[in-house]
Structures are given as C-alpha cells and as structure tokens.
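The values are calculated or read from the model by the stated rules, or taken from the named source; none is laboratory data. Note that the structure is predicted; figures quoted are calculated from it, not measured. Quick reminder, even Gly has a Cβ in these numbers, built from the backbone with ideal geometry, and neighbours come from all protein chains shown. Accessible surface areas use protein heavy atoms only, side chains included; no ligands, DNA or RNA. Shrake-Rupley method; radii C 1.70, N 1.55, O 1.52, S 1.80 Å.
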Amino acid sequence: MPEFTLPPLPYAYDALEPHIDTLTMQIHHDKHHQAYVTNLNAALKDQPEWQAKSIEEILRDINQVPEAVRTAVRNNGGGHYNHTLFWEIMRPGGAKAPSGALASAINATFGNTDELIKQVNDAGAKRFGSGWAWLVKDQAGRLLVYSTANQDCPLMDKHVPLLGVDVWEHAYYLKYRNLRADYLKAWWNVVNWDEVAKRFSA
Ligand code: MN3
C-alpha cells in the first residue's frame, strides 16, 4: 500500500528569517514532521482500508478509525496534516494582507484583519500546553477562530482549516524561548495570504 511521505519544504530552511530561524525550521520539518509521518504509517500498517484514504478523509472520519489505532492516527495523522498546511501557509515576501473574497469575509466577520490577528493570537496564547490556533470555515461557510489541543485538527469537526499557527514549544523555543506571544506577533510577517485565500475559495 502507498505510504504517507514527508513533503519537501516549499522554500529554503532560512527563507523565513529573521521571524522563524533556520535551525527551528530544520528540526521542525526534518525531525518533528518526519516523526508524525513515520508514526502514522506505523499505525496504519495493518489497516489497508485506511491506508488507501487521503489524510483529509482519515481526519474527517477519525471516529470511524479502529479504536486500537485511533489515538495514534489522531495524533500523528493530525500532526502530518497540520504541519503540511503550516509550511504551505507561510512564504517569504508574500502578500502582506488578505485580498478579494477572503478580505471581504474577514471584514464582515471580525471588522478588520487586525481584529482577526488579535483573536488568533489570543487563542494561541491561551492554549495551555501544546496545540494550534486556527482560522477555519465551518459547514455553513462562516469564519471561526479557535484553538485545538495537541495535533487535533479542525477537519475532525468537519471544518475547513484556512490558517493555523503551531504553538507547540518546538515551533518557537530556540529563538523566542518562553515568549510565545512574541513568536505569535512575528509569525504574521511570514503568512502567505494568497494560500489562505485559495483555501477559502476552494
Ligand atoms: Mn510542530
């Protein structure tokens, strides 16, 4: 059966400097993300029916995954999907603000982009322990901001993840130490709004 593989980083390890440092990117992509992929494949080793599905399908149907491997698939499948999204929604020198239909939806929901950023940063700062802060589109097409624990993914609630920021310490500790709020503030400098807009319109 096909196995899940680590997607290459879509830019150089040092491309997001000075906001995200090179060593963090190397360890985060090559070690942490690789471990989620390796452990996901191990969990699905004897589950050919599930190996044949996309990672999106698996996460949407996480409650149907056989109980013996469900926690491993939740953690490692979520880790694989979340990190793949994370690399894609960052880019050096990309658009500095949302545009088009995404900008309209953000303004209608939050008032303006600064308020959206504030809500995502609050969600990330308040997430106790490890997790992610998200901007998602729900099944009615509404924009929502919330955080999830560990590697839980909005797909598990049938929401479409548009933007997610990793607030595990491994995402920022080398450069920002214990200052998660400083990392969150700097992170917006590398957001790839074109990719977020593409996900919104898909
Ligand atoms: Mn991570």
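Would the range 111-123 turn up any residue that is surrounded by 17 or more Cβ atoms within 10 Å (Cβ to Cβ), within 16 Å of the ligand (Cβ to nearest atom), among the β-branched types (V, I, T) and at pLDDT 95 or above? Looking through the range 111-123, none of the residues is surrounded by 17 or more Cβ atoms within 10 Å (Cβ to Cβ), within 16 Å of the ligand (Cβ to nearest atom), among the β-branched types (V, I, T) and at pLDDT 95 or above. Does the range 174-188 contain at least one residue that is within 16 Å of the ligand (Cβ to nearest atom) and open to solvent by 40 Å² or more (accessible area, probe 1.4 Å)? Yes: the range 174-188 contains one or more residues that are within 16 Å of the ligand (Cβ to nearest atom) and open to solvent by 40 Å² or more (accessible area, probe 1.4 Å). Filtering the range 98-129 down to residues that are under 19 Å from the mean Cα position of the chain (by Cα) and among the small types (G, A, S), which residue is nearest to P8 (Cα to Cα)? Once the filter is applied, the top-ranked residue is G124.
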